[in-house]
Protein chains: 2
Amino acid sequence: MHFGTVGILGVGLLGGSLGMALRARGLVDRVIGIGRNEERLQLARDLAAIDDYTLDVNEVAPQLDVFVIATPVGLIPTFFQKAAADLKPGAVVTDVGSTKQKVVSECEVCVQRDDVFFVGSHPMAGSEKTGVKSAHADLFDDAVCFVTRTDRSNRKAEDKVCEFWGSVGMKVHVIAPDIHDKMVAATSHLPHLLASALSLFARDRCAENEMIKESIGNGFRDTTRIASGSEDLWKDIFLDNNDNLLEYIEAFCQILQRLAKDIKEDNIDALEQELREGREFRESL
Amino acid sequence: MHFGTVGILGVGLLGGSLGMALRARGLVDRVIGIGRNEERLQLARDLAAIDDYTLDVNEVAPQLDVFVIATPVGLIPTFFQKAAADLKPGAVVTDVGSTKQKVVSECEVCVQRDDVFFVGSHPMAGSEKTGVKSAHADLFDDAVCFVTRTDRSNRKAEDKVCEFWGSVGMKVHVIAPDIHDKMVAATSHLPHLLASALSLFARDRCAENEMIKESIGNGFRDTTRIASGSEDLWKDIFLDNNDNLLEYIEAFCQILQRLAKDIKEDNIDALEQELREGREFRESL
């Protein structure tokens, strides 16, 4: 397996780790970082995430065999469109966005060429950390990557994108964008929103009584860890996946209200049963 | 500092770790484990958590300088009452319960002796793990312990209980039971209930589509880690602290609905602002 010259637009935690993983495993000729901030790109080069960099995607586009757009989801179609005219015939383009339906449908129509191929990806290897300084070559080991398939997908490009993520250690699943978005709304976006809401809730309580901070232990810290994620990324994700997320906020609130009812009415057996089932599901993971 | 003979009723994670910490630091003559299950008590002795054990609290009560009741909160007053007639004059009795108002008010009146002293404690060093096999002597290092003060508190006994937890490495705060319960409702009980509700929510989604389990990553795992806690302990805690918890479920839902409204109405600036404030509070911890 060899992927030639790979361009990574956005050399942060994911983009930087991808560059490191590809280079460390000898899977590429060159990794070129693309971005707006020269200082950060220099840091990425110093950290061996990329071989070289440019501030101008169109300058390097003709050299790229694989072009990975690792920006917040809202910007992905724009950057694809910007680079498209200069891409090498046969180039495969993918992304790392946490939502897929809107991004994939836009990217599939925004470029008027039938010799460059967009296939959506969602490597589930992010964390609350950001920036290339947190990147490492084994970020993707054993993590899951979803690769999207639609009626417009080019099957050869899809295979290449699957191989690409598999080659850096990921377990790859091919999935329809709408199914993907519904799944991650449940297992990633709702948990993130809850963590943010709980953090805001605790901030309000601390404003009432400063001493409350003293009672914050590891349970609270774990439950809210992902609230440290970048609001810049997450606002896009929430708005992009709004229908699924709103449906699931509603479903979650119903469960919470059912537990509240058990607590209010002293339904000890029902409460114990629910807590047991929650524990058993958690332990099954 | 020396605490003579210490009895620990309930030699699980907390009770076992306490025995280990007291013995490892040479703070006691003997630690006697008290319980119902001889096999578990033998394990506790093998693991150096206790010097000896008994199944009969009344048999050892006359020897105890400090008696620690480390059972689920619902059982604490019962065990105090059971042991009380046989306790040595001057004995100090405490507990490790996660709620304090009900336990402390019951323990302050359930025993008709003015020469044994109950002071409530809440060492915040639990985890989702249970059992003496998970115990370790440094569990309490730098963790917070709340010790309760009421109009009925004996100040000398309170000082001794503060020294007791301080001697195993805890940061001790003296607090009124009702303030304590309000604080931990916000920072411990609500987060636990949310983790359980999220786990139940994900179980329901997995029942709709098994593939969803594949999309569960570290974010979900962290957010739900405490849902692995024992339903036996937590149902008691929730019911015991029901008024505070119900008030805070309501306050949390209001925040969640505000975020849902921002998502529904595409209020990108408001949403970003909320997520930023949530992140900043989390990072301030």
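The values are calculated or read from the model by the stated rules, or taken from the named source; none is laboratory data. Note that the structure is predicted; figures quoted are calculated from it, not measured. Cβ sites come from the backbone with ideal geometry, for glycine too, and all protein chains shown count toward neighbours. Accessible surface is based on the protein model in full, side chains and every heavy atom, while ligands, DNA and RNA are left aside. Shrake-Rupley method; radii C 1.70, N 1.55, O 1.52, S 1.80 Å.
Give the whole-number value, in cubic angstrom per residue, of the convex hull volume spanned by the C-alpha atoms of region A:76-188.
Values: hull volume 12.8 nm³, N = 113.
It is 113 Å³ per residue.
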Residues whose modelled amide H sits under 5 Å from the amide H of A:VAL93, counting only those 5 or more places away in sequence or on another chain, are A:PHE67, A:PHE117, A:PHE118, A:VAL119
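Return the subset of A:LYS129/B:LYS235; B:LYS102/B:LYS160; A:LYS102/B:LYS182; B:LYS82/B:LYS182; A:LYS264/B:LYS160 for which the Cα-Cα distance in this structure is over 32 Å, preserving the input order.
Details: A:LYS129/B:LYS235 35 Å; B:LYS102/B:LYS160 22 Å; A:LYS102/B:LYS182 44 Å; B:LYS82/B:LYS182 29 Å; A:LYS264/B:LYS160 37 Å.
Over 32 Å Cα-Cα: A:LYS129/B:LYS235; A:LYS102/B:LYS182; A:LYS264/B:LYS160.
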From the label point of B:ASP115, set 7 Å along Cα to the beta carbon, how far off in nm is each other copy's matching point, shortest first?
-> 10.1
Percent antiparallel among DSSP beta bridges with both residues in the protein assembly as shown, to the nearest 5?
-> 10
Seen from all sides and averaged, what is the projected area of the convex hull of the Cα atoms in region B:54-114, in nm²?
-> 3.9
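What does the charge count near A:GLN63 come to, summing +1 for each Lys or Arg and -1 for each Asp or Glu among other residues with Cβ under 12 Å from its Cβ?
Working: positive: A:ARG30, A:LYS88; negative: A:ASP29, A:ASP51, A:ASP52, A:GLU59, A:ASP65, A:ASP86.
Computed value for this residue: -4.
Can you pull the semi-axes for region B:1-50, root of five times each eigenvalue of the Cα gyration tensor, sorted largest first, whole Å? If you can, show how the numbers build up before the last one.
Details: eigenvalues 64, 20, 14 Å².
One finds semi-axes of 18, 10, 8 Å for region B:1-50.
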Under Stokes-Einstein, with the Kirkwood radius over Cα pairs standing in for Rh, what whole-number D in µm²/s applies to chain A at 20 °C and 1.002 mPa s?
-> 105
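Kirkwood Rh over Cα pairs of region B:18-155 into Stokes-Einstein at 20 °C, 1.002 mPa s: D in µm²/s?
On the way: Rh = 15.6 Å.
After rounding, the answer is 138 µm²/s.
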Put a label point 7 Å from Cα along the Cβ direction on A:ALA270, then list its distances to the equivalent points in the other copies in nm, shortest first.
-> 3.4
Three semi-axes of the equivalent ellipsoid, region B:168-234, Cα gyration tensor, whole Å, largest first | 32, 13, 10
Centroid-to-centroid separation of region A:194-234 and region A:5-40 [C-alpha atoms, Å] = 33
Would you please give the residues with an amide H less than 5 Å from that of A:LYS171, counting only those at least 5 places away or on a separate chain, with H modeled from the backbone geometry?
-> A:ASP142, A:ALA143, A:VAL144, A:CYS145
Going from most exposed to least, what order do B:THR150, B:THR130, A:THR224 have by accessible area with a 1.4 Å probe?
-> B:THR130, B:THR150, A:THR224
Convex hull volume per residue for the protein assembly as shown, taking Cα atoms only, in Å³ | 157
Taking N as the number of residues in region B:205-256, what value does Rg over Cα atoms divided by 2.2 N^0.38 Å take?
-> 1.51
With springs only between Cα atoms under 10 Å, which of A:GLU265, A:GLU231, A:GLU163 fluctuates most in a Gaussian network model of chain A?
-> A:GLU265
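Before rounding to the nearest 500, sum -39500 (n - 2.57) across all DSSP H runs of length at least 4 in chain A and divide by the residue total; then give [θ] at 222 nm in deg cm²/dmol.
Values: 12 runs with 139 residues, N = 285.
Counting only the DSSP helices, I get -15000 deg cm²/dmol.
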Excluding residues on the same chain fewer than 8 positions from B:LYS171, give the aspartates and glutamates whose Cα lies under 16 Å from its Cα.
-> A:GLU214, B:ASP138, B:ASP141, B:ASP142, B:GLU158, B:ASP159, B:GLU163
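Using the Kirkwood radius over Cα pairs, work out the Stokes-Einstein diffusion coefficient for region B:192-285 at 20 °C and 1.002 mPa s, in µm²/s as a whole number. Don't skip to the answer; put the middle values down first.
On the way: Rh = 15.7 Å.
Roughly 136 µm²/s, to the nearest whole number.
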Run through the other copies and list how far each one's label point is from that of B:ARG36, in nm with one decimal, shortest first; the point sits 7 Å from Cα along Cα-Cβ.
-> 6.4
Chains B and A together, accessible area buried on both sides, 1.4 angstrom probe, square angstrom | 8000
Residue among A:THR71, A:THR94, A:THR187 with the largest mean-square fluctuation in a Gaussian network model of chain A, springs linking Cα atoms under 10 Å = A:THR187
